[in-house]
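Quick note: the coordinates plus some simple rules give every number you see, no bench work behind them. Since we're looking at a predicted model, the values are computed, not measured. Note that we place each Cβ from the backbone using ideal geometry, even for glycine, and neighbour counts take in every protein chain shown.
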């Protein structure tokens, strides 16, 4: 046994990180005995770079290189030995390749029927090795006086997200395999399990039932139009009415202010009465009826004003895992801590792109509020347009849906449309655009369908 160990250790790299050499040897041997496994396992997401021993990793690459030129279904170790010696002579290998005796012994370890099992073992240990390496890097950089929380933590987060390489992300699908699901969708109305109702009947109809997973929704308006009121209504419809886990990141209002808004909206209590502490017994009775549903609602409110993309990502990941999060509402984009960039426009572009990737990666809907520039106020009719979004280029590009909130009575107090608000769907990727009119009951801190008014 000692001789075997010496033979394998001769020329082997020092192993300090986690590694599964048994699995690596068996898989390298199996590749020689059944070369087709190289392509089969690659299609399932196996990365030969996860093989820690360079000598065994190069055996895999040698099989990959030789397989197309050989007619038989098996590659003898002699051909592999010649290929490795040539690569070593060319300087393509840092370590000395396995010699003929080692390759002959390796060849006898082949287990074609269990290649997937050994590949999984190698992949799992490789994740552990990358985790250990990242931990060591984080420790070194965190104890460096030049440590930058914003830049370094963001980089750590990105590297952490890349620790696991899911096979699904690497595997392409045949159109024929996808068509049955498409036909089923064509004949089946979306349910609350697939869509998140907005709380507005006409808007839901326009959006085929509500928000869809992976969407980035931008709600733009000028100040004092009721953006936060509208956003809290979306959160109430999801969390209180439909029990859909929702996370509200409020960068402008405190959690107490937002709670006041939600309570007044649900119980139809005048917000100014609540602030003055003169709520009537009738109002309190209505509130008491609403409290059980509100108390059980999976609505998480965070009023941290220093929200960053890495911090938001960590919170979302945790809530998706522990609470089944499906909706994230952010009030509002321009108040988020932007990454360092050469200009504000580039920074906002990085934010909007990051939010879109967040929605897609975790399969949730992200609704983010955004300020409009002064464009509407410089036009006669005051109606906003998508181009009025501040730093609009990247926001408009990344968003799946853009809704512009507009109230004529905000500009003209005697407007015949006082008490009405327009939800202008200016962009709807894959769907129609239109304008939905709702009632603005701002004294109750809410917008409702016109029929309810």
Dimensionless Rg/Rh of segment 286-427, both radii on Cα and Rh by Kirkwood, sits at 1.03
Among 36, 69, which comes first, second and so on when ranked by fewest other beta-carbon atoms within 10 Å? 69, 36
Note to self, the chain gives a 222 nm [θ] from helices alone (DSSP H runs n ≥ 4, -39500 (n - 2.57) apiece, / all residues, nearest 500) of -14500 deg cm²/dmol
Here the FRET efficiency for residue 181 versus residue 259, based on Cβ atoms and R0 = 60 Å and rounded to 0.05, is 0.90
Count the DSSP beta bridges whose two residues both fall in segment 192-452, then state the antiparallel fraction as a percent rounded to the nearest 5. 45
Find how much the distance from residue 360 to residue 74 grows on full extension, using 0.36 nm per residue of separation minus their present alpha carbon separation; answer in nm with one decimal. 98.7 nm
FRET E, pair residue 433, residue 54, Förster distance 51 Å, beta-carbon r, rounded to 0.05: 0.35
If R0 = 45 Å, then residue 189 and residue 22, at their Cβ-Cβ distance, give a FRET efficiency to the nearest 0.05 of 0.30
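Using the alpha carbons of segment 192-452, what is the convex hull volume per residue in cubic angstrom, as a whole number?
In segment 192-452, the Cα hull volume divided by residue count equals 129 Å³.
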Compute the distance in nm between two label points, each set 7 Å from the Cα along the Cα-to-Cβ direction, one at residue 343 and one at residue 288. 6.0
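With a 10 Å radius around each residue's Cβ, average the other Cβ atoms per peptide and rank 428-434, 240-246, highest first.
Output ranking for 428-434, 240-246: 240-246, 428-434.
Only counting other Cβ atoms within 10 Å, I'd like 300, 332 sorted with the fewest neighbours first.
On the way: 300 17, 332 22.
Result, fewest neighbours first: 300, 332.
In the chain, what percentage of the DSSP-assigned beta bridges are antiparallel, given to the nearest 5?
Beta bridges within the chain, antiparallel portion: roughly 45 percent.
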Could you state the angle between the C-alpha long axis of helix 227-236 and the longest principal axis of the C-alpha atoms of the chain, as a value from 0 to 90 degrees rounded to the nearest 10? 70
Could you work out how far apart the two model spin labels at residue 94 and residue 411 are, taking each label as a point 7 Å from the Cα in the direction of the beta carbon, and quote it in nm? 6.5
